[in-house]
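To keep things clear, I will list the structure first and then write my remarks on it.
The values are calculated or read from the model by the stated rules, or taken from the named source; none is laboratory data. Quick caveat: nothing in here was measured; it's all calculated off a predicted structure. So basically every Cβ, Gly included, is an ideal-geometry build from the backbone, and we count neighbours across all protein chains shown.
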Amino acid sequence: MVSAGQASEQGQPAALPRILPPFLRPARHGLPPLLLVLPSLLLATAIVVYPFFVIVRLSLSNVSPFGQLRGFVGWANYAAVLADPIFYGALWRTLIWTAAVVGGTVLISMPVALVLQQEFYGRAIARIVIMLPWALSLAMAAILWEWSFNADYGMINGVLRNLGLSSGAIHWMARADTAFPVEIGVGILVSIPFTATIFQGGLSSMPTEIYEAARVDGASGVQQFRYLTLPLLKPFIQIAIVLNVIYVFNSFPIIWVMTHGGPDNSTHILVTYAYELAFGLGRPGPAAAISVLMLAIVLAFTMVYLHLQREPT
Amino acid sequence: MARQTTGFGRRAVLGGAAALPMLRPTWASAAETVRFVVAEYSNATGPYFEQMAQEFHQANPGIDVKIEVVNWNVLLQTLQTDISGGTAPDLSIIGTRWLLDFVKDGVAEPMDTYMTPDFKQRFVPIFLQPGSIGGKIYGLPIAASARAMFYNKAIMTRAGFPNGPTTWDDVVAAARKIKGTGSYGFGLQGKEIETDVYWYYALWSYGGELVNSQGKAAFDGPAGVQALTLYKMLVEQGLTESGVTSYNREDLQNLFKQGRLGMVITAPFLIGQIAKESPNLQYGIVPVPRGTTQSTYAVTDSIVMLKSSRVKQAAFKFLEFIFSKQPRVLFNKNEGFLPTTRADAEDPYFADDPRLKVFIDLMPHAHFAPVIAGWEDVAQDVINSLQSVYLGNTQPEAALKRAAGQADQVL
């Protein structure tokens with residue numbers, strides 16, 4: 001940095017910086033900043049902006065099952081979606097799903113991170129064990145759990161039977177009353193590694209002196225957690241909530257693998273319903289409309305949440 | 001939860017990249033390459049078509065056939081993406097019920113101009129019918145199956161029906177005897193693909209129809225209500241497996257293979273699976289139980305030629321080879337399907353097998369799925385209504401009225 005800055009000061013003609021607008025001015029750097037971020041801007045355009053443009057166009061068109069545009073239809077796809085009772089069921093379930101999975105994840109990840117922060121024999125191994133599920137693809141995890149909850153030969157029913165807790169086979173996936181909570185549980189389990197890692201990062205960045213001071217002042221463990229750890233961890237909890245809400249809201253594999261949104265559409269969330277509309281029922285137009293609505297919901301949530309968090313300070 | 005898939009992002013990216021292959025020069029005159037997408041019926045499907053491509057290439061050195069094996073669950077999606085992206089294959093296997101959408105979108109090529117009268121004569125006529133739309137043949141029947149009832153001999157002998165049930169009353173009586181013995185009586189499918197078909201078996205056996213002559217939903221008629229009332233009663237009285245809505249077709253077949261299920265209605269390919277996986281199972285095959293009439297469901301899968309193909313002559317030449325006797329016999333033996341050409345129907349393997357004969361004899365009573373745009377939608381509505389009845393949430397008549405109302409918006 002230093003040497004580059006010196007080089008530019010010596011090498012650049014003196015008039016140039018004043019002609020160029022500020023963001024293109026070489027200033028103290030070797031290259032104009034815009035040039036440096038250009039590759040990532042292009043990449044973002046290709047990966048985010050172009051598909052976004054396509055999906056908005058699909059949502060405003062009559063689209064054949066093969067993705068051919070049969071003409072502009074305005075808001076008709078949105079009207080069809082908003083008149084569809086299954087959409088509202090899925091919307092409501094998406095909110096429950098997101099709140100339950102994110103809430104459960106944060107609640108469980110906190111003690112997990114706190115325990116892993118303590119010195120104990122085998123901590124390194126425990127940390128790896130907590131991290132390992134992250135290496136497993138979501139679809140694979142969902143398939144494993146689907147087998148585990150199988151009524152006839154699943155591990156869960158086997159354990160319950162051996163413990164004498166149930167006599168017959170419980171058909172977990174046959175009804176939404178049992179299937180959806182099971183799916184939420186799996187969602188929480190697979191989200192813990194990521195969240196616990198964020199919390200661990202936060203905990204290890206904390207100064208130890210303040211805890212020593214607190215102990216000297218006679219603060220109990222609970223008080224230390226309440227008045228030191230929690231406030232200091234707040235930014236990490238916030239980022240964990242925002243990122244998890246975005247991931248969980250859009251999470252497709254668990255529900256799709258375990259119940260396909262059924263029986264009788266009773267476990268669909270928006271993303272599985274959009275997929276079924278597009279590729280099961282051959283209606284890409286309304287499915288694109290749902291995707292756009294989902295994007296709007298996540299954007300709105302993120303903005304409101306970040307705004308609320310900014311206010312107190 | 002670091003992953004998300006809506007499918008749309010992927011589709012859009014593929015669409016963007018799809019323009020590139022079109023720039024590639026064509027060597028049509030030197031060596032033609034025919035791209036053929038095949039659906040994976042079993043582990044034997046890929047090797048079989050590779051072998052056929054090789055044999056064909058030896059006889060026709062100017063034509064290369066490139067086989068792409070795709071899983072059934074993603075086949076339609078793969079084709080949709082490829083077709084909309086401009087990288088469609090030349091030939092593809094598809095479910096015949098998708099054919100109308102292909103024809104409506106103008107992506108399938110009618111094959112009448114390529115077919116000699118002699119070639120057309122090769123097929124069993126009833127199997128050519130589902131692939132014809134508006135008087136033109138768009139799909140050739142690569143696979144055909146009908147449905148019949150498999151019964152476990154040990155269980156059914158104890159229940160007093162050593163030769164299997166012939167009517168629904170027999171099914172109910174047998175299932176009542178089986179109940180409480182640790183086995184299940186009548187296997188009822190409650191989720192995923194063909195859950196609706198499992199109910200059509202009974203509907204057709206009571207003389208019902210799915211759509212009327214005006215192309216509107218008719219499955220909510222008296223036969224449909226009677227069929228669903230029967231199934232509801234079976235579920236409520238514990239005469240089926242428990243937790244019906246968590247069993248798909250494969251789950252039911254697995255129960256049967258394990259010897260835990262008395263009766264199940266399914267396709268002839270279960271014969272091959274039993275031979276491989278539980279060769280000691282004693283079972284018999286009888287027609288789908290009668291209500292007021294005999295009936296079965298027949299399904300074909302079709303090979304279509306894509307309109308965008310630039311090697312149509314070469315592609316059809318390969319079809320002529322695939323639909324000759326030896327390749328057909330080998331395919332049907334591998335996969336456990338019914339013969340679709342006259343030549344392989346006469347092969348002793350099919351003509352003399354008493355089990356396959358049950359299926360072949362049912363063919364005159366066969367119903368096909370209606371060839372109607374949007375049928376896939378209707379099937380999903382029907383499945384949802386059936387599930388809500390099996391779960392005890394809705395009465396049969398109300399559920400069917402609901403599904404028929406939704407269906408008529410599409411039909």
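Contact map, the range A:154-169: residues that are at pLDDT 85 or above paired with residues that are not hydrophobic (A, V, I, L, M, F, W, C) and not in a loop (DSSP other than H, G, I, E, B), Cβ distance under 7 Å, separation 6+ or inter-chain. Pairs shown: A:G154/A:S148; A:M155/A:S148; A:I156/A:S148.
If the condition is being among the hydrophobic types (A, V, I, L, M, F, W, C) and buried (at least 17 other Cβ atoms within 10 Å of the Cβ), then the range B:214-251 contributes B:A217, B:A218, B:F219, B:A223, B:V225, B:A227, B:L228, B:L230, B:L234, B:V235, B:L239, B:V244. Of the set (1) touching a strand residue (DSSP E or B) at 6+ places or on another chain (Cβ under 7 Å); (2) more than 28 Å from A:W172 (Cβ to Cβ), all apply to B:L234 but (2). Taking the criterion of being more than 7 Å from chain B (Cβ to nearest Cβ) and more than 21 Å from the chain's Cα centre (by Cα), the only residue of the range A:261-275 that qualifies is A:S266. Filtering the range B:211-269 to residues that are among the hydroxyl-bearing types (S, T, Y) and either assigned to a helix (DSSP H, G or I) or under 23 Å from B:G374 (Cβ atoms) (or both) leaves B:S213, B:T229, B:Y231, B:T245, B:S246. Cβ separations smaller than 6 Å between residues 6+ apart or across chains give the following pairs from the range A:78-97 residues that are at negative phi to residues that are buried (at least 19 other Cβ atoms within 10 Å of the Cβ) and not in a helix (DSSP H, G or I): A:I86/A:N265; A:A90/A:H268; A:A90/A:I269; A:R93/A:I269; A:T94/A:I269; A:W97/A:I269.
Each residue in the range B:47-90 was checked for being away from chain A (no Cβ under 14 Å) and either in a strand (DSSP E or B) or closer than 28 Å to A:A278 by Cα (or both), and 8 pass. Spot the failing condition for A:D177; the list is (1) surrounded by 15 or more Cβ atoms within 10 Å (Cβ to Cβ); (2) within 30 Å of A:D152 (Cα to Cα), and only one is missed. That leaves (1) as the condition not met. In the range B:173-183, the count of residues that are at pLDDT 95 or above and under 27 Å from the mean Cα position of the chain (by Cα) is zero. Within the range A:199-218, one or more residues are in a helix (DSSP H, G or I), free of Cβ contacts under 8 Å to residues at least 12 places away in the same chain and among the aliphatic types (A, V, I, L, M). Total residues in the range B:179-196 satisfying the condition of being hydrophobic (A, V, I, L, M, F, W, C) and crowded, with 22+ Cβ neighbours inside 10 Å: the figure is 2.
Take the range B:113-144 and flag every residue that is part of a strand (DSSP E or B), surrounded by 20 or more Cβ atoms within 10 Å (Cβ to Cβ) and either without any contact (Cβ under 8 Å) to a residue 40 or more places away in the chain or within 18 Å of the chain's Cα centre (by Cα) (or both). Within the range B:113-144, B:G139, B:L140, B:P141, B:I142, B:A143, B:A144 meet the criteria.
Just one residue in the set A:A196, A:A142, A:A151 is buried (at least 19 other Cβ atoms within 10 Å of the Cβ), within 12 Å of another protein chain (Cβ to nearest Cβ) and not in a loop (DSSP other than H, G, I, E, B); that residue is A:A142.
When B:L261 is tested against (1) surrounded by fewer than 22 Cβ atoms within 10 Å (Cβ to Cβ); (2) within 14 Å of chain A (Cβ to nearest Cβ); (3) touching a residue at least 60 places away in the same chain (Cβ under 8 Å); (4) within 22 Å of B:I193 (Cβ to Cβ), just one condition goes unmet, and that condition is (1).
Once the range B:147-172 is narrowed to residues that are assigned to a loop (DSSP other than H, G, I, E, B) and surrounded by fewer than 20 Cβ atoms within 10 Å (Cβ to Cβ), the residue that is nearest to the chain's Cα centre (by Cα) is B:T166.
Checking the stated criteria, A:E119 turns out not to satisfy the condition of being in the same structural domain as A:Y247 (by TED's automatic domain parsing) and outside any loop (DSSP other than H, G, I, E, B).
Among the residues making up the range B:371-405, a single one is buried (at least 18 other Cβ atoms within 10 Å of the Cβ), of a type outside the set (A, V, I, L, M, F, W, C) and more than 10 Å from chain A (Cβ to nearest Cβ): B:P396.
Filtering A:F66, A:F52 for residues that are surrounded by 19 or more Cβ atoms within 10 Å (Cβ to Cβ), within 14 Å of chain B (Cβ to nearest Cβ) and out of contact with any Gly (no Cβ under 8 Å at 6 or more places or on another chain) leaves a single hit, A:F66. Can you work out which of the residues in the range A:251-280 that are of a type in the set (A, V, I, L, M) and within 17 Å of A:M294 (Cβ to Cβ) is modelled with the lowest pLDDT? Among those residues, the one meeting the criterion is A:A278.
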